[in-house]
Structures are given as structure tokens and as C-alpha cells.
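All of the numbers you see were taken from the coordinates with simple rules; none came from a lab. Keep in mind that this is a model prediction, so the values were computed, not measured. Reconstructed Cβ throughout: ideal geometry from the backbone, glycine too, with neighbour counts over all protein chains shown.
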Amino acid sequence: MTFPRMLRLRQKFDAPRIDDPAGEVERQLASLDLGGTIKAGETVAITVGSRGIANIAEIIKATCDHFRGLGGVPVIIPSMGSHGGGTAEGQREIIESYGITEEFTGAEIRSSMETVIIDTTPQGIPVHFDKNAFECDHVVVCGRVKPHTGFVGDIESGLHKMMLIGLGKHAGAKIYHRAILDYSFLEIITAVADVVLEKCKVICGLALVENAYDETGLIEAVAPGDFLEREKELLATSKEWMPRLPFEKIDLLVVDEIGKNISGSGMDTNVVGRKFRDHAATDRDSVSCKRIFVRGLTPETHGNACGLGMAEFTNQRTVDSVNLVATRINAVTGGHPTAAALPVALPNDREAVETALQTVGLVEMDRSRVVQISNTLHVGEVLVSEAFAEELASRDDLEVMTEPQEMEFDEYGNLYPVHGQAEPALLASAEV
């Protein structure tokens with residue numbers, strides 16, 4: 001088979017960046033002047049989610065340092081719904097894999113799936129809240145603000161979702177995702193947030209927005225009364241800054257890795273264009289990929305392959321690495337069972353690419369519009385096929401870094417990733 005030749009592109013994004021995240025955390029929190037609120041020895045619960053947020057360990061440590069400096073006792077609360085297999089141990093393991101350890105932060109990690117029901121919303125929905133956080137004297141909601149992978153509205157992912165899903169743990173996530181079938185996401189998220197802000201001693205939020213290169217672009221401390229309006233504004237900023245694929249029409253998108261640290265949906269549906277339908281773009285999506293081939297899972301996802309079901313093709317080594325239990329729990333809790341489905345699995349990448357390109361239409365294989373990315377967080381540098389050459393000539397936001405070259409497969413038929421050589425783990429699995 002004649003595969004398309006590929007060239008390397010660098011995308012140019014407008015990308016504000018904070019070079020001193022710890023210093024900015026201190027400046028932002030200090031601006032709220034919480035010294036009169038925190039009494040000596042009082043506990044301050046600080047939320048940590050499951051996403052792979054840039055500089056997250058440094059940001060959480062700086063948050064702990066700030067409240068310790070006010071005389072408080074910081075306590076870290078893993079806040080991630082059903083991730084980590086829906087277990088306290090699994091959720092602790094996830095945040096520690098990001099470098100958020102007791103040794104680094106100087107704060108105790110209290111991980112539990114136990115919740116308390118603090119009230120009921122006007123819709124009759126019980127509001128679950130992490131028991132350890134509820135027993136603390138104060139709560140700080142820390143979260144990244146970005147477009148949600150499944151919902152559209154003035155509020156999507158951010159401080160509100162952390163209060164809803166993160167601190168609601170597995171029990172809360174289950175009931176809220178069920179409620180979404182009867183009420184709008186905004187109705188539920190604001191109703192639950194109103195209860196949490198009234199009854200759970202939230203003293204502030206720490207909102208994070210990243211640029212298109214997966215770097216910290218903005219850190220802002222937000223007073224509880226400003227959560228709703230400020231998060232709306234920060235979501236608009238996040239949408240302006242978010243990464244995107246270099247072209248709108250793609251025959252085959254090759255994704256080196258997906259995982260919960262990359263996106264709640266494994267790969268960000270806002271980037272790959274499958275926010276509203278698993279296997280086809282709609283007129284509401286900004287990009288259309290006829291086929292998607294997922295090559296692997298990130299180590300940080302711990303076998304949770306939620307989102308793999310959105311791809312049409314994968315390889316056998318990816319299927320073999322899936323933790324079926326963790327994936328099932330997460331997909332069912334999120335009300336998206338098809339996210340845990342398994343695509344067509346081929347023995348190696350060469351066969352997967354060849355098979356996928358036979359299903360994209362009448363275009364000759366070597367003229368197919370192929371894009372290969374590391375993951376949906378990192379699209380600053382990508383590989384694209386020669387078929388895009390004509391469009392490249394009119395794009396000043398794209399820098400061509402190499403001449404067209406043959407697709408690179410190793411001796412086992414596995415593609416080289418966008419960055420670096422074939423991973424030893426892939427070679428070992430191919431040998432087996």
C-alpha cells in the first residue's frame with residue numbers, strides 16, 4: 001500500500017502565559033484578604049481534580065502555603081467524581097501521580113468516597129458533598145475553566161463543575177448525570193452550586209485557564225459571590241485560547257494517546273469535532289474527522305479508556321491496556337456508555353492506518369487528508385499529509401518544518417509518535 005507522505009507543522013497560537021504560577025497564586029489569593037476569615041488552626045479543604053493541568057502540583061502547593069501562612073491547616077481533597085475506579089485509593093493515586101503528595105505540599109491528603117447529603121435542590125435532586133471537605137472549617141474550590149466535552153452553555157467545566165461532580169464524588173456524579181436527562185446542565189449546576197455555596201463554607205475559588213500550548217495562561221482567585229458571572233467570562237476566554245486542529249476537514253485523525261489526564265472524554269471533543277455525536281461531526285462542530293485512530297492510553301489514565309468508543313479504529317496493544325472496570329464505571333456514571341465501547345482493533349498501527357484509509361471515501365490512499373497529533377492537549381506541533389499542501393500556502397499561522405516524508409513505522413509495524421521515537425513499552429508489547 002502507498003501511504004500518504006507526511007510533513008511536520010508548527011501551529012502559531014496567540015498564547016498568554018504565566019511564568020511564575022506559584023507567585024501568581026499567592027498574589028491572587030492575597031487580593032481576597034482572607035486573613036480575617038481564617039483563624040489559627042482551622043482546616044482549609046483544597047480540591048484537586050483528575051485532569052492533567054499544567055503546573056498543578058506547584059499551584060496546589062502554593063495554595064497550601066498561602067493558607068498555612070494565614071494560620072490555617074491545608075487539607076487536600078481529591079475531587080473527581082467516579083475517576084480512579086470510583087475508589088478512594090484510586091483517586092489518591094491519581095493526584096500523587098501528578099506530584100501532589102503530602103511530602104511536596106506539606107498538607108494531608110484525605111481521600112474518601114463518602115459523602116453527606118446537605119440539602120435537596122428545587123428540582124428534588126439530593127446534593128452530595130465530600131464528607132472530609134464538609135468537616136473542614138473552610139473550602140477552596142480549585143479548577144480549570146474550559147469548554148465541557150458534552151454540554152454547551154454559559155457555564156461548562158470549571159468551579160461550578162468541581163462543586164457538582166468533583167466534590168459530589170461517585171454518588172453525586174451518578175445522580176447529577178441522570179438528572180441531566182430531565183433538566184438542562186445549567187439548571188442543575190447552578191441549583192447545586194447555590195446549595196454548596198450556602199452550606200459548605202466555601203471561602204473562594206481558584207480558577208485556572210490554559211493557553212493553546214497546555215500552559216498556564218491565567219490564574220484568578222474568585223470570591224464565592226462572583227463565581228457565576230466570573231466563570232461565564234473565563235469560559236469565553238478559555239474558548240478563545242483553546243487548542244485546535246490545523247484543518248477543518250480531515251479524512252483520518254491519528255491520536256497517539258488519550259486519557260483522563262488529557263480530557264474528561266479521553267480526547268477533547270471540542271478539538272476532534274465529536275461533541276454532539278460520537279462518530280460524525282455536526283453543523284455545531286468546528287472540525288470534521290471522517291475516521292479517528294487511537295494508538296494508545298496515557299500512563300496517567302491508569303487504564304481508564306473512557307472516550308476510546310468515539311474512535312473507529314485502534315490497535316490490539318491499546319485494547320490490552322484497558323482497565324475495563326474503571327472504564328465502565330466512569331462511562332456509566334457520566335451517562336455516556338458508548339464512550340467505553342471498543343473500536344475495531346488491528347494487530348499493529350500499519351494495519352490500522354491501512355484499514356482506516358479504506359473507509360474514507362473514493363480518495364486515493366496517498367492523497368488522503370491525514371493528521372497525526374500527540375493528544376488533544378498538545379497540537380502545537382503535528383504531522384499532516386501532503387494533501388494539505390495547497391492550503392498551507394495561504395496560511396500564515398502554520399509553519400512547515402520538514403519536507404514531505406514517508407510515514408514512519410518501526411520494525412513491528414507501529415507508527416512513531418509525533419514527538420520522539422517508538423516507546424519501549426510499545427516494542428515490548430509488539431514482541432509478545
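For the reader, a short list of remarks on this structure follows.
- At q = 0.06, 0.10, 0.13 Å⁻¹, base-10 log of I(q)/I(0) for the chain (Debye sum, equal scatterers on each alpha carbon): -0.25, -0.69, -1.11
- The Kirkwood radius of the range 21-241, taken over pairs of alpha-carbon atoms, gives through the Stokes-Einstein law at 4 °C and 1.567 mPa s a diffusion coefficient of 76 µm² s⁻¹.
- For residue 290, the lysines whose Cα falls under 20 Å of its own Cα, not counting residues fewer than eight places away in the same chain, are 249, 275.
- Cβ-Cβ FRET estimate between residue 248 and residue 182, R0 fixed at 35 Å, reported to 0.05: 0.50
- In loop segments of the range 232-287 as defined by DSSP, the GluC sites (Glu not before Pro) with at most 15 further C-beta atoms inside 10 Å of their C-beta are 248.
- Angle of helix 324-333 to the longest C-alpha principal axis of the chain, folded into 0 to 90 degrees and rounded to 10: 60°.
- Bridge orientation summary for the range 21-241: considering DSSP beta bridges with both residues in this region, about 40 percent are antiparallel.
- Projecting the Cα atoms of 304, 331, 373 onto the charge dipole of the range 243-431, computed from C-beta unit charges around the Cα centre, puts 331 farthest toward the positive end.
- Placing unit charges on each Cβ (+1 for Lys and Arg, -1 for Asp and Glu) gives the chain a dipole about its Cα centre, and among 321, 382, 31 the Cα reaching farthest toward its positive end belongs to 321.
- Rough spin-label spacing in nm, given labels placed 7 Å along Cα→Cβ, for residue 120 and residue 2: 6.9
- Counting only lysines at least 8 places from residue 201 when in the same chain, those with an alpha carbon closer than 19 Å to its own are 39, 131, 161, 169.
- Spin-label model distance (nm) - residue 363 vs residue 286, 7 Å beyond Cα toward Cβ: 2.1
- Principal-axis tilt of helix 227-241 within the chain, Cα atoms, nearest 10 degrees: 20
- Looking at the chain alone, DSSP beta bridges between its own residues are antiparallel in about 45 percent of cases.
- The range 209-227 and the range 1-78: distance between their alpha carbon centers, rounded to Å: 9
- For the chain, the longest site-free run once trypsin sites (Lys or Arg not before Pro) in DSSP loop states with at most 14 other Cβ atoms within 10 Å are removed: 40-276
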